[in-house]
Amino acid sequence: MRYISTRGAAPVLGFADVLLAGLAEDGGLYVPEIWPTLSPADWRALRGLAYPDLTACILAPFVGGAIAEATLARLCREAYAGFAHAAVAPLVQLEHRVFALELFHGPTLAFKDFALQLLGRLFDHVLAERGERVTIVGATSGDTGSAAIDACRDRDRLSIVILHPHGRVSEVQRRQMTTVTSGNVGNIAVEGSFDDCQDLVKAMFADAPFRREMRLSAVNSINWARVAAQIAYYAWAALALGAPDRRVAFAVPTGNFGHVLAGWAARRMGLPIERLIVGTNRNDILARFLDANDMSLAAVEPSLSPSMDIQVSSNFERLLFELLGRDGRATAETMRAFRESGRMPVPDAAWREAAALFHPYRLDDEATLAEIARLHDASGYLADPHSAIGIAAACAHLPDDAGVPVVAVATAHPAKFPEAVKRATGIRPALPAHLADLFDRPERFTVARNDLAAIEALVRGTALRNAA
Ligand SMILES: *Cc1c(COP(=O)(O)O)cnc(C)c1O
């Protein structure tokens, strides 16, 4: 399997190089040169598989021989072995036609564990084969950092350093990062904002000698392998509900569009997905696009579902590329116009094609709390604010065909956002057993000034400690 850039001007690469590269050299995102497709008989043959084995089968055509099949299967099993639910991704029925796909039983209680636990192991494997090591750096406002740290802890070939704004992440989020005291993990609390942290990461990447010396890398949401790993849970839920012999719809709380793009890919591979419902909070750039072809930047406003507080959905570029007939030049031109004007000029025909499949839904904070309360009253179910938006979106967009069930993707454990859940229901959800002692564990992090040289010295220290 070979990968091409959505902007058409970067080298064509194989899976392992795409994994390590993340972003393409021309600023585009890598996509498969040809989408693998499965016949109905192929899908039926996957029905009885356990979650890790299904993931290995879904990934195999994308990996395309870059990793031996038995190794890939082992890495998938190891990635999901630490999940706190025997089914890995349990499907819970909430209403007659509405199901929640719980993707929050991983080590950090959010769906990003699904892709990142695998990504950390794929990185480690490919780097070991090449005799290389890398230093992963990233900035977090809370959620992604802990999932990335947990995925990279104790991996031989990786060091990871995550910057968070000092005093500005919740205590649960900070502790999920800072109580990981593995030698290859560095946590830096920057005296500044999340934007300052992001600027520091960008500045480290822009410092070419430092970048080379540290072999800097990232595991952000534009990495193709993350999208590929997420295709598996769409297949898992659809097969459980009768696909390929029954159509299924999905409702997805969305930020960077990575998640829902994986749903699109599952459909592209042949799963009968009737629609994809895109849930947003008040930061509704995607809903505005689907409603009225208005993809225009607006200031990010904080909400109860912070992992969906985004301005630009970076993975949207992959869908745009497909909508534009896989024309890299047109995609590059559209992205350039978006950057310059703050408004993406999507041709009408392409927008219509998107709007026929993706259904927009938005919910503000007040309505999100009401939905959490409603779900609890109706069935005793406790949903976090992100998941509640997905479930509300599912209920609002039931397909006319009564034979089509809707799966709402539940992306975070309610205990990850206890204040919102308590406000809505009066119940403060408890942390699951594997994190119950989180508040008693020792923390390790370094507070640092918002200063590039100081941060680079700390990153170097972590990388050297691991290499020693
Ligand atoms: C990241 C995240 C999302 C959004 O996922 P995208 O891939 O960015 O669309 C939704 N819910 C939770 C809890 C998340 O952590």
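Tell me, yes or no, whether the range 403-416 has at least one residue that is hydroxyl-bearing (Ser, Thr, Tyr) and touching a strand residue (DSSP E or B) at 6+ places or on another chain (Cβ under 7 Å). Yes, the range 403-416 has at least one match.
Would you list the helices (runs of 4 or more DSSP H) that sit entirely within the range 275-373 and hold 3 or more residues that are within 16 Å of the ligand (Cβ to nearest atom)? Output list reads 285-292, 316-323. Scanning the range 10-23 turns up at least one residue that is more than 28 Å from residue 403 (Cα to Cα), in a loop (DSSP other than H, G, I, E, B) and under 17 Å from the mean Cα position of the chain (by Cα). When the residues of the range 120-143 are filtered to those that are surrounded by fewer than 24 Cβ atoms within 10 Å (Cβ to Cβ), of a type in the set (A, V, I, L, M) and assigned to a helix (DSSP H, G or I), the one that is nearest to the ligand (Cβ to nearest atom) is 126.
Scanning the range 311-334 for residues that are open to solvent by 20 Å² or more (accessible area, probe 1.4 Å) and in contact with a helix residue (DSSP H, G or I) (Cβ under 6 Å, 6 or more places away or on another chain) gives 323, 324.
The residues of the range 295-310 that are farther than 14 Å from residue 141 by Cα and open to solvent by 40 Å² or more (accessible area, probe 1.4 Å), listed by number, are 297, 298, 299.
Would you pick out the residues in the range 145-161 that are within 20 Å of residue 215 (Cα to Cα) and either touching a Pro at 6+ places or on another chain (Cβ under 9 Å) or open to solvent by 10 Å² or more (accessible area, probe 1.4 Å) (or both)? The answer is 151, 153, 154, 155, 156, 157.
The number of residues in the range 372-425 being of a type in the set (Ser, Thr, Tyr) and free of Cβ contacts under 8 Å to residues at least 40 places away in the same chain comes to 0.
Being open to solvent by 30 Å² or more (accessible area, probe 1.4 Å) and either among the aliphatic types (A, V, I, L, M) or under 30 Å from residue 203 (Cα atoms) (or both) narrows it down to one of 448, 453, so name that one. Don't jump to the end; show me each part of the working.
Working: 448 fails: open to solvent by 30 Å² or more (accessible area, probe 1.4 Å).
Unique residue meeting the criteria: 453.
The number of residues in the range 82-97 being part of a loop (DSSP other than H, G, I, E, B) and surrounded by 13 or more Cβ atoms within 10 Å (Cβ to Cβ) comes to 11. When residue 215 is tested against (1) touching a Ser or Thr at 6+ places or on another chain (Cβ under 9 Å); (2) basic (Lys, Arg); (3) within 16 Å of the ligand (Cβ to nearest atom), just one condition goes unmet, and that condition is (3).
Residue by residue, here is whether (1) open to solvent by less than 30 Å² (accessible area, probe 1.4 Å); (2) touching a Pro at 6+ places or on another chain (Cβ under 9 Å); (3) not hydroxyl-bearing (Ser, Thr, Tyr) holds:
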{"position": "219", "(1), (2), (3)": "yes, no, yes"}
{"position": "240", "(1), (2), (3)": "no, no, yes"}
{"position": "247", "(1), (2), (3)": "no, yes, yes"}
{"position": "261", "(1), (2), (3)": "yes, no, yes"}
{"position": "292", "(1), (2), (3)": "no, no, yes"}
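Candidates 175, 155, 211: the one that is in contact (Cβ under 8 Å) with a residue 12 or more places away in the chain and assigned to a helix (DSSP H, G or I) is 175.
Filter the range 231-265 down to residues that are within 14 Å of the ligand (Cβ to nearest atom) and aliphatic (A, V, I, L, M), then give me how many there are. Reasoning before the result, please.
Kept after step one, since they are within 14 Å of the ligand (Cβ to nearest atom), are these residues of the range 231-265: 231, 233-234, 250-265.
So of that shortlist, the ones also aliphatic (A, V, I, L, M) come out as 231, 251-252, 260-262, 265.
Adding up the residues that qualify gives 7.
Contact map, the range 243-256: first residue within 13 Å of residue 267 (Cα to Cα), second residue open to solvent by 10 Å² or more (accessible area, probe 1.4 Å) and among the acidic types (Asp, Glu), Cβ cut-off under 6 Å, separation 6 or more or different chains; pairs are 247/274; 249/274.
The values are calculated or read from the model by the stated rules, or taken from the named source; none is laboratory data. Keep in mind it's a predicted model, so treat the numbers as computed, not measured. No Cβ is skipped: glycine too gets one built from the backbone with ideal geometry, and neighbour counts run over all protein chains shown. For the accessible areas, the whole protein counts, side chains as well, though only heavy atoms, and no ligand, DNA or RNA atoms are used. Shrake-Rupley method; radii C 1.70, N 1.55, O 1.52, S 1.80 Å.
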